[in-house]
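Below is one structure; the comments refer to it alone.
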Amino acid sequence: MNPATTDNWAQVEAAAQAALTPEIVSFIAACRAKPHPESHLIAVLHRVQEHFGYLGQAQMDAVAQLLRVPAARVSGVATFYHYFRLQPRGRFMINVCMGTACYVKGADRVAARFREELGIDFGQTTTDGQFSLHDAACLGTCGLAPVVMINDKVYPRVTPDQVPGLLESLTAPAPA
Amino acid sequence: MAASVMERYREQAAAARERVQAAEGAARVRIQVGSATCENAAGAADVYDEFRKHIRATGRTDVALRRTGCTGRCSCEPIVGVLVPGQMPVKYEKVDRARAHEIFTQHVLNGTPVRPYTLDADESGTHGLEFFFCGAARCGRELTEPLQRTFEEKLRAAGVPPERVAVRQANCFGLCDPLGTGRATRVLVRPDKVVYTLSSPEDLDAIIAEHVGQGRVVERLRVADEAVGRGFFELYGDVSFFRRQTRVALRNSGVIDPESLDEALRQRAFEALARVLERGDPAAVRAEVRRARLRGRGGGGYLTGLKWDQAAAAAGDEKFIICNADEGDPGAFMDRSMLEGDPFAVIEGMLIGAYAIGAHQGFFYVRAEYPLAVRRIERALELCRAAGLLGRDILGSGFDCDLEIRLGAGAFVCGEETALIHSIEGERGQPRIRPPYPTTAGLWGRPTCINNVETFANVPAIILYGADWFAQLGTEASGGTKVFALAGKVQHTGLVEVPMGTTLREVVFDIGGGIRGGKRLKAVQTGGPAGGCLRAEDLDTPVDFDTLQARGSIMGSGGMIVLDEDDCVVDLARYYLTFSQHESCGKCTPCREGTKRMLEILERITGGQGRPEDLERLERLARLVRTSSLCGLGRAAPNPVLSTLRYFRSEYEAHVAAERTCPAHKCRALLRFEINEKCVGCTLCARRCPVTCISGERRQRHVIDQGRCIRCGVCFEVCRFEAVARR
């Protein structure tokens, strides 16, 4: 059924638009104009996560309405792919690479040190909202193993003993 | 009369060449900084910025700064090249801001290379002239080696000082004349960028008299054609890590600016496409690729020409071509490097493939974890579209084809082709049973041809240099080269492209420089989580799809991890199972449950709780998962277990024996530290023990409280008297 013919579509549409940004709304509209609009679902979710930092329930519902795909399918896709987060992330996203090269060069010890210092496990965020810790499948920079990626920056050849200093340097106020 | 496709192409390429030359001509010195995810991680962006500042501060207008992709010499990054026309190109390794400053002030401004920082410093080109004799199969060792020896003798006889001329052997330049096999060899001369054809000792005399003696090119011996690896060897041929490689798929990586279509065109990009469109015979293209014996580089090893035939023969007007750039194997990064270093080659390969099967729409399916690769493909697509090389009526041929990028979202299983198709359709990336194969019913039910990044990158070279050349580069059953991502406990990590049939020994020792820290090689793991381990005894195995499979491993997409005596194969199998279990999509029971149970057994074994009967149970389960899983992920997931059980069974047995031990001393739960009679009572271990479980008087033998020991190994590492024994 075309949702645009239901009697409350105007409200539903307005609510969905309010949950997203105008850029995302117009991106969805552009996708709708192309063949196979539903195939752009993953691209839309990438944009939502890029803006909001994660996929909230309200945003996923809004995407379902505007892209006109079932909400179950949106949540199915969002939960299937590791890249999508359903919880807000910390200010610093720490990805410890657990690729083969990193692993044989001691990534497990680096990871253990992060867990110890932050008091959280993989997939968790510190209570102050500062740090999220994740294990990454290979980051593709095996020559520099073991590597840790914090937000967009890659730190090469990390040793467990560097971890406390690294965390400190992240939260230190930037030099004026 | 309207211009032909080829004429249009030549016009465009000539204009591009002029633009590049004009830009280069204005510069006395060119500085090139490697720029790729790995280079940037090593600090290349800072280095680029430092050079930019220096150029601005000195007000120099004759110094040009540019970016190139990655050469694949990972452990030495960031790499910077300083190029002065007429002089040997100098490459620097591990450049940071401080080194950049020295390089700029000493080399760029004063013309003196900073030797200590040059790439692989001991051998970098200090000679006035370098001759590279082709050592590839076609030119033949029987021919090349005597000629090379004669050349060296003649140089000595002519009294040329050895420090002035270097004679080396390189690999194929792609100029082999199918009729000239065994009759002539090629020689590249640096820095003069000349390639000669040599067939007799008289040719050598002419070169010594004219080129070496008077600096004049011997025109009658000069090869007019462009060589496939020429651009690469000109820049990097002095480095042995590169010289022993054969660069076909990676021919332009580290040579061109990946964001400049002009530079790509200068290296003959899109010439193969123009030829194909000019000829107007898709069946001939397919026949050529079939004859080249190009096989799927994503790991399947299926003949590309055959796949193209099937897609072409499938009924339907709408067909699709897809580039699988969902490089998910941990430890593999060749596709990323190729896309970041030369996206044009992949685009060209896709367009040729689209033409060959009759598709007008194509997709790049790329991992979202590769933002730089995505950006570079986007940029390259824009440039190609603007230049009429993509979109409607390509090069005026009447052929339409457009390409689009689709992002993955971190699901390893999406490398499986039916899962990949579901992902492009915007669904959960779960595989389905084949047949029907995608070439019959793929994306939106239409015939779809999916090839890997490296497969496509090889296609233009096949068209340009011929199927025979490509086929003969490799083995009987697999043509061409393969790119490996060499990592682990090896001296030189990085990308290695070698002909199919090269032995593991050549890759690990000759190119990779052997094992780090003087340790012993234990195994080489190939093919990632779907592959297996090969023992030191298998080092002389020629590597291709079939030989690796016969030994219980696979080529896979080209991951190659070198393990030394400190690595435990049981732990490695556990590691790969953790990965496969985590990435199992959950659709079929054998894979979902089987990988989980196998992992539990392996965790028990490495955790010191293993029982002898676990080995048989593990093996039975592994065979079951292998035979009954739905897709390649599940079918291959047991490989790391089965291959290590096959070759390293005694190591598994040690883990589950009554006296449980880990021969590599890697599995912590099986370790036991004891202090022996060599202890002098220095107290160092006691002071460093994190749980203070070591006690003893000064100058007295110490004791470890086994109940409290956490087996961290600190005491073993700090002891200077070999008094801590590990078992």
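Figures for the structure shown
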read-out: Shape of the stretch A:92-171, Cα gyration tensor, a/c cut at 1.5; value: prolate
read-out: Protein-protein interface of the stretch B:407-426, residues with accessible area decrease of at least 20 Å², isolated chain reference, 1.4 Å probe; value: B:Leu407, B:Ala409, B:Gly410, B:Ala411, B:Ser423, B:Glu425, B:Gly426
read-out: Rg followed by Dmax, in Å, when the stretch B:5-117 is reduced to its Cα trace; value: 15.4, 50
read-out: 20 Å-binned pair-distance histogram of chain B (Cα, whole percent); value: 16, 45, 30, 8, 0, 0
read-out: Calculated over the stretch B:478-554: convex hull of Cα atoms, volume per residue (Å³); value: 79 Å³
read-out: Calculated diffusion of the protein assembly as shown, Stokes-Einstein form, Kirkwood radius summed over Cα pairs, 25 °C and 0.890 mPa s, µm²/s; value: 83 µm²/s
read-out: Whole-Hz couplings from phi, Karplus 6.51/-1.76/1.60, listed for the stretch B:249-254; x for Gly and Pro; value: 5, 9, 4, 10, 5, x
read-out: Table column - 3J(HN,Hα) (Hz), the stretch B:478-484, Karplus curve with 6.51, -1.76, 1.60, x for Gly and Pro; value: 10, x, x, 10, 9, 9, 10
read-out: Accessible area expressed per residue, the protein assembly as shown, with surrounding protein chains retained (probe 1.4 Å, Å²); value: 39 Å²
read-out: Carbon and sulfur %, accessible surface of the stretch B:129-237 computed with the full protein complex present, 1.4 Å; value: 48 percent
read-out: Rg/Rg_ref, the stretch B:672-726, where Rg_ref = 2.2 N^0.38 Å and atoms are Cα; value: 0.94
read-out: In Å², nearest 10: area of B:His422 left accessible to a 1.4 Å probe; value: 40 Å²
read-out: Accessible area of the stretch B:1-108 belonging to carbon and sulfur atoms, whole % at 1.4 Å probe; value: 50 percent
read-out: Solvent-accessible area lost in complex, 40 Å² minimum, residues of the stretch A:34-79 relative to chain alone, 1.4 Å; value: A:His36, A:Ser39, A:Ile42, A:His46, A:Arg73
read-out: Trypsin sites (Lys or Arg not before Pro) restricted to DSSP loop in the stretch B:493-581 with at most 11 other C-beta within 10 Å; value: B:Arg520
read-out: Net charge over other residues, Cβ less than 11 angstrom from the Cβ of B:Ala345 (K, R count +1; D, E count -1); value: -1
read-out: A/B buried area, accessible surface, summed, 1.4 Å probe, Å²; value: 3400 Å²
read-out: Per-residue average of Cβ from other chains inside 10 Å of A:142-154; value: 5
read-out: Inter-label distance for B:Asp225 and B:His665, nm, one decimal - labels placed 7 Å from Cα along Cα-to-Cβ; value: 5.6 nm
read-out: Environment charge of B:Gly607, counting only residues whose C-beta is closer than 13 Å and scoring Lys/Arg +1, Asp/Glu -1; value: +3
read-out: Distance (nanometres) between label positions extended 7 Å along Cα→Cβ at B:Ile710 and B:Val691; value: 0.7 nm
read-out: Burial ranking of peptide ranges B:619-629, B:159-169 (average Cβ count within 10 Å, highest at the top); value: B:619-629, B:159-169
read-out: Amide H contacts under 5 Å for A:Tyr155, placed H, 5+ residues apart; value: A:Val148, A:Met149, A:Ile150
read-out: Trypsin sites (Lys or Arg not before Pro) within the stretch B:209-309: DSSP coil, no more than 15 neighbouring Cβ in 10 Å; value: B:Arg216
read-out: Residues in the stretch A:87-114 that, when all protein chains are in place, have 50 Å² or more less accessible area than the chain alone would give (probe 1.4 Å); value: A:Thr100, A:Tyr103, A:Val104, A:Lys105
read-out: Pairs beyond 31 Å (Cα-Cα), from A:Lys153/B:Lys307; B:Lys482/B:Lys587; A:Lys105/B:Lys482; B:Lys193/B:Lys489; B:Lys94/B:Lys154; value: A:Lys153/B:Lys307; B:Lys482/B:Lys587; B:Lys193/B:Lys489; B:Lys94/B:Lys154
read-out: Percent carbon-and-sulfur accessible area, chain A, ignoring ligands, DNA and RNA, probe 1.4 Å; value: 52 percent
read-out: Average beta-carbon neighbours from other chains, 10 Å sphere, peptide B:28-37; value: 1
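The values are calculated or read from the model by the stated rules, or taken from the named source; none is laboratory data. All figures in this text were calculated on a predicted structure; none of them were measured in a lab. FYI the Cβ positions are ideal-geometry reconstructions off the backbone, even for glycines, and counts take in every protein chain you see. To get the accessible areas, we keep the full protein, side chains included, count just its heavy atoms, and leave off ligands, DNA and RNA. Shrake-Rupley method; radii C 1.70, N 1.55, O 1.52, S 1.80 Å.
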